[in-house]
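Working notes for the structure below.
Read-outs: derived from the displayed coordinates by stated rules, not from any lab. Just so we're clear, the structure is a prediction, and the values are computed from it rather than from any experiment. Cβ: placed from backbone, ideal geometry, glycine included. Neighbour counts: every protein chain shown.
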Amino acid sequence: MTYLLVTNDDGVSAPGLFALAQAMREIGDIEVIAPATNQSAGGHKKTLFQDIPVQKTSLQDGTPALAVSGSPADCIALAALGMSRWPPNIVVSGINRGANMGQDITYSGTVTAALEGAIHGVPAVAVSLDNQRATTVEAFENAARIATTVVRRVLEKGLPPLTILNLNIPANGPIPAIRLTRQGVRIYRDELEVNGDVYKVVGPEPTGVTDEEGTDLWAVHNGYASLTPIHLDLTAHRFLADLAAWDITL
Ligand SMILES: [Mn+2]
């Protein structure tokens, strides 16, 4: 029996997790292990040498879940290290409220939970729904259907080592097709709120360069679902030869 581990970064009570869990249950046995609280934009955080409380809870339909007082990556690492049944056939993370495109993937707990799966040798898919404001139950369910198609294919084909799939879905359908994409370039619009010695980073959702065809931003901007293979090798391979020409010698 196929066994899927479902997680997210918006927290165990998020509607996107519920929609994803319901969809994944059509494929096989699921286990839900998710952060107890919203861990969005927490990056690939690993909790070391600190207690990580875990509580039994349930989703809104009674599906058992574990709520981890840690990061999304902690959820996967704890499972891999013996807290739960391991290995799953796949780790599926999401459905995030808000897209994870371009440089977002380094901030995203949704993506880094999937990367943690890859580090532990398990295929993984991150699923995000564009537009933090337009996320309705119907939009999550539509995204979950698209995620099901991708997950079934990954279960058939597997993924190369240290590689995940990053799936981003527009909030407003109908979605005509899925496009295979590369990472685009986000443009952040963060602003600083200052209150004495207290600082707060706020701002509207990032935009991005959307006229470069073939990127994740281009696809979602044009109404397509976007599927990007992501590799944990962050080496700037194309720059390596130029760097060699610097002739750094000791
Ligand atoms: Mn999130």
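At a Cα cut-off below 23 Å, give the lysines reachable from LYS56, other chains included and same-chain residues fewer than 8 away excluded.
Counting by Cα, and skipping residues close in sequence, LYS56 has these lysines nearby: LYS45, LYS46.
Shape call for the chain from the C-alpha gyration tensor, a ≥ b ≥ c root eigenvalues: rounded (a/c under 1.5), prolate (a/b greater than b/c) or oblate?
rounded
Run through the DSSP bridge list for the chain and note the antiparallel percent, rounded to the nearest 5.
40 percent
Taking the Cα centroid of segment 17-52 and of segment 75-120, what is the distance between the two, rounded to the nearest whole Å?
7 Å
Mind putting a number on the dipole of the chain about its Cα centre? Charges go on the C-beta only, +1 for Lys and Arg and -1 for Asp and Glu, and I need it in Debye to the nearest 20.
In total the dipole reaches around 560 debye.
Sort VAL137, VAL6, VAL127 so the one with the fewest other Cβ atoms within 10 Å of its own Cβ comes first.
VAL137, VAL6, VAL127
Assign one of three labels to segment 102-180, namely rounded, prolate or oblate, based on the Cα gyration tensor with a ≥ b ≥ c the square roots of its eigenvalues; rounded applies when a/c is under 1.5, prolate when it is not and a/b is larger than b/c, and oblate otherwise.
Note, shape of segment 102-180 comes out oblate.
Express the relative contact order of the chain as a whole percentage, based on alpha carbon pairs under 8 Å and six or more residues apart in sequence.
It comes to 17 percent, rounded to a whole number.
Could you please rank SER226, SER71, placing first whichever residue has the fewest other Cβ atoms within 10 Å of its Cβ?
SER71, SER226
As a check on your grasp of the helix formula, calculate [θ] at 222 nm for the chain: sum -39500 (n - 2.57) over DSSP H runs of n ≥ 4, divide by the residue count, round to the nearest 500.
Helix contribution divided over all residues of the chain: -8000 deg cm²/dmol.
What length, rounded to one decimal in nm, is gained on full extension from LEU232 through to ASP247, with 0.36 nm per residue of separation minus their alpha-carbon distance?
2.7 nm
Once you order the gyration tensor axes a ≥ b ≥ c over the Cα atoms, which shape class does segment 32-126 get: rounded for a/c under 1.5, otherwise prolate or oblate by comparing a/b with b/c?
Cα axes put segment 32-126 in the rounded bin.
Where in the chain are the helices, taken as whole DSSP H runs, whose Cα atoms extend 18 angstrom or more along the long axis and whose Kyte-Doolittle mean reaches at least -1.0?
Those that pass (Cα extent of 18 Å or more, hydropathy at least -1.0) are 137-157.
Cut-off is 10 Å between beta-carbons; in what order do SER40, SER93, SER84 appear when sorted fewest neighbours first?
SER84, SER40, SER93
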